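*Asks:* One structure, pasted below without further comment.
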Amino acid sequence: MSSGSSGSSGAGPGFDTVLVVDFGAQYAQLIARRVRECRVRSEIVPASIPAEEVRRMGPKGIILSGGPRSVYEPGARLADPDLFGLGIPVLGICYGHQLMASTLGGDVARGASGEFGRTSVQAQGPSGGLLFEGLAGTQTVWMSHNDAVVAAPSGFTATASSPASPVAAMEDRERRLFGVQFHPEVAHTPNGLDVLKNFLYRACDCLPAWTPTGVISGAVEAIRARVGDARVVCGLSGGVDSAVAAALVHRAVGDRLTCIFVDHGLLRAGEAEQVVDTFGGHLSMDLVHVKAADRFLERLAGVVDPEEKRKVIGFEFIRVFEEAAVEIAGDAGAAPFLVQGTLYPDVIESGGSSGVAARIKTHHNVGGLPDVMAFELVEPLRDLFKDEVRKVGEELGLPEEIVWRQPFPGPGLAVRIIGDVTPERLHMVRAADAVVVEEIHRAGLHRRLWQAFAVLLPVRTVGVMGDERTYGNVVAVRAVESEDAMTADWARLPPELLDTIAGRIVAEVPGVSRVVYDISSKPPATIEWE
Ligand code: XMP
């Protein structure tokens, strides 16, 4: 097979879109998500975007995000001033508000007294301005700024003030330009979403069409347009992203999709059966279940280094997948499209929407595949955040256990067996893990925790069971809370729950005589042990 090429197919056109111009703090993603909660499609673009490019993209509105800098600081990111003259409504938030004011001739006081945390703003004028329509005159808001707009540019009126911000909000209704010093996107601004809605619906005339149903029909249309009559293959891992991507593509092309489920034998208890039942049975997809546990275990024999394990598994995975795909191509003519579960945060991370399609997720399930195979990519999730993927999955009728599945590393239980991966040790960690998962579910904590699992340690310790001295294995239980896996805190599980888990593991998993609970956070530890 020769080298692959790339492409995309997100939710497709047909949605009113608002661009969120990113000025460098972490606010842009949050704003983009809040806009989507208002059922309007949002897209994050860099601060350097030329106004001409924005015009070409044809958004219904533009939001300038907050940022860590002062507009006066050398190196501060400035926007193309022509953005304000496109006739497209603009909302500046915090730094974006100050940037709008300073660009258009208003006055921004440097290092003024600043406001940090909750404060209240008082809407001014008879209507309080478009952004405050339908809201009470006094609003609790969240502020975080040193500089402050002290005089609005000509053509603008100040529509709200706070103790330290004489122009806490402003508008030029004619040019449809708006600014707020506070952060409407954060939960600490209780009516922030209403302020955003006023901008989106009243200033931009956006239609609230970005719903799971709307996203699905947009994606189905885009997938059909992209693949035409060709065949499509999709690697299923059991995780939520590949599951939702497969279900979407299946809705678009039906039997022309073949899913390949490489079962490396390193999955959790019941997982392989669930994938087969759900996709092959319940959803009647064309599913190739490659049972390759022996092959993987053979390759893993004697491998103890974590990175080496990942490499061995990744390499073998590609070979197995490739063999299966070649067979499918041989059976049914060329299968030139490969489904990728790329999500919007991956797209943002790799520098925006253009030219990203070629980037392949490097995690092992798919690592390197397109370099050796002549596949075009179909990426039906590239417009979606994780929570949206889950909503789409629910709407597509995927079972809760798949839609709300906790993340699971591609190399599977192999990185949760510290040291040698043998069939016996695999059995032990799988059985212990099943107890953890079951008890976490029973306690109703599954969705609150980012991950909860068991790790098998390479040490044995002395114990006593009945009247006999034992020399058994140690299982570590790990449970963490996290937003995005970049940082994580160990979960304060109730002692009774830990007691039940430990008791059951020792009683039910032969060979294990001691259970410890991991109380390290990330950083400095990682979530996985390897
Ligand atoms: P760490 O251990 O780095 O994990 O804190 C962060 C998140 O990534 C998952 N993880 C992996 N996922 N292949 C994957 O697909 C891997 O090799 C891998 N290693 C860690 C981990 O489960 C956690 O959610």
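*Asks:* Within the stretch 505-530, restricting attention to residues that are open to solvent by less than 50 Å² (accessible area, probe 1.4 Å) and of a type in the set (D, E, K, R), which residue is farthest from the ligand (Cβ to nearest atom)?
*Replies:* 518
*Asks:* So residue 220 passes all but one of these: (1) open to solvent by 10 Å² or more (accessible area, probe 1.4 Å); (2) β-branched (Val, Ile, Thr); (3) not in a helix (DSSP H, G or I). Which condition number does it fail?
*Replies:* (3)
*Asks:* Still on this structure, I have one more. Check 397, 466, 393, 444 and return the single one that is open to solvent by 30 Å² or more (accessible area, probe 1.4 Å), outside the structural domain of residue 513 (by TED's automatic domain parsing) and away from the ligand (no atom under 15 Å from the Cβ).
*Replies:* Only one candidate qualifies: 397.
*Asks:* Another one. Determine, yes or no, whether residue 184 is in a loop (DSSP other than H, G, I, E, B) and either at negative phi or open to solvent by 10 Å² or more (accessible area, probe 1.4 Å) (or both).
*Replies:* Judged against the criteria, residue 184 is a match.
*Asks:* Residues of the stretch 388-420 being assigned to a helix (DSSP H, G or I) and over 19 Å from the mean Cα position of the chain (by Cα), which ones?
*Replies:* 412, 413, 414, 415, 416
*Asks:* I need the full set of residues from the stretch 56-75 which are closer than 14 Å to residue 20 by Cα and either at pLDDT 95 or above or open to solvent by 20 Å² or more (accessible area, probe 1.4 Å) (or both), in order please.
*Replies:* 57, 58, 59, 60, 61, 62, 63, 64, 65
*Asks:* Could you tell me whether residue 478 is near the ligand (Cβ under 10 Å from one of its atoms) and either open to solvent by 30 Å² or more (accessible area, probe 1.4 Å) or under 23 Å from residue 307 (Cβ atoms) (or both)?
*Replies:* In short, yes.
Okay, residues lined up against (1) touching a strand residue (DSSP E or B) at 6+ places or on another chain (Cβ under 9 Å); (2) more than 16 Å from the ligand (Cβ to nearest atom):
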| position | (1), (2) |
| --- | --- |
| 378 | yes, yes |
| 385 | no, yes |
| 405 | no, no |
| 409 | no, no |
| 414 | no, no |
| 417 | yes, no |
| 425 | yes, yes |
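*Asks:* Quick test of your reading of the structure: residue 492 fulfils all but one of (1) in a loop (DSSP other than H, G, I, E, B); (2) within 16 Å of the ligand (Cβ to nearest atom). Name the failing condition by number.
*Replies:* (2)
*Asks:* Filter the stretch 231-251 down to the residues that are open to solvent by less than 10 Å² (accessible area, probe 1.4 Å) and more than 17 Å from residue 282 (Cα to Cα) and list them by number.
*Replies:* 232, 233, 234
*Asks:* So the check is Cβ under 6 Å with 6+ separation or different chains; which pairs have a first residue in the stretch 505-530 that's farther than 18 Å from residue 462 by Cα and a second one that's among the charged types (D, E, K, R) and within 16 Å of the ligand (Cβ to nearest atom)?
*Replies:* Close Cβ pairs (under 6 Å, with a partner that is among the charged types (D, E, K, R) and within 16 Å of the ligand (Cβ to nearest atom)) amount to 518/478; 521/489.
*Asks:* Let me ask something additional. Those residues that are open to solvent by 30 Å² or more (accessible area, probe 1.4 Å) and either of a type in the set (Phe, Trp, Tyr) or not assigned by TED's automatic domain parsing to the domain that holds residue 102 (or both), I need them from the stretch 121-179; list them, please.
*Replies:* 142
*Asks:* Considering 117, 96, which residue is at pLDDT 90 or above and surrounded by fewer than 18 Cβ atoms within 10 Å (Cβ to Cβ)?
*Replies:* Only one candidate passes the filter, namely 117.
*Asks:* Take the conditions under 30 Å from the mean Cα position of the chain (by Cα), open to solvent by 10 Å² or more (accessible area, probe 1.4 Å) and farther than 19 Å from residue 183 by Cβ and apply them to residue 78. Does it pass?
*Replies:* Numbers: under 30 Å from the mean Cα position of the chain (by Cα): yes; open to solvent by 10 Å² or more (accessible area, probe 1.4 Å): yes; farther than 19 Å from residue 183 by Cβ: yes.
Yes: the conditions hold for residue 78.
*Asks:* Here is a follow-up. When the stretch 278-287 is examined, which residues are found to be open to solvent by 50 Å² or more (accessible area, probe 1.4 Å) and either at pLDDT 95 or above or outside any helix (DSSP H, G or I) (or both)?
*Replies:* Looking only at the stretch 278-287, we keep the residues that are open to solvent by 50 Å² or more (accessible area, probe 1.4 Å), and these are 282, 284, 286.
284, 286, listed by residue number.
*Asks:* Restricting attention to the stretch 25-44, which residues are at pLDDT 95 or above and not basic (Lys, Arg)?
*Replies:* The answer is 31, 32, 35, 37, 38, 40, 42, 43, 44.
*Asks:* For the structure I just gave you, tell me whether residue 266 is assigned to a loop (DSSP other than H, G, I, E, B), crowded, with 24+ Cβ neighbours inside 10 Å and either in contact (Cβ under 8 Å) with a residue 12 or more places away in the chain or not basic (Lys, Arg) (or both).
*Replies:* In short, yes.
*Asks:* Select from the stretch 289-307 the residues that are open to solvent by 80 Å² or more (accessible area, probe 1.4 Å) and assigned to a helix (DSSP H, G or I) and list them in ascending order.
*Replies:* 294, 298, 299, 307
The values are calculated or read from the model by the stated rules, or taken from the named source; none is laboratory data. Not measured: the values here are computed from a predicted model. No Cβ is skipped: glycine too gets one built from the backbone with ideal geometry, and neighbour counts run over all protein chains shown. The area values use the complete protein model at the heavy-atom level, side chains included, leaving out ligands, DNA and RNA. Shrake-Rupley method; radii C 1.70, N 1.55, O 1.52, S 1.80 Å.
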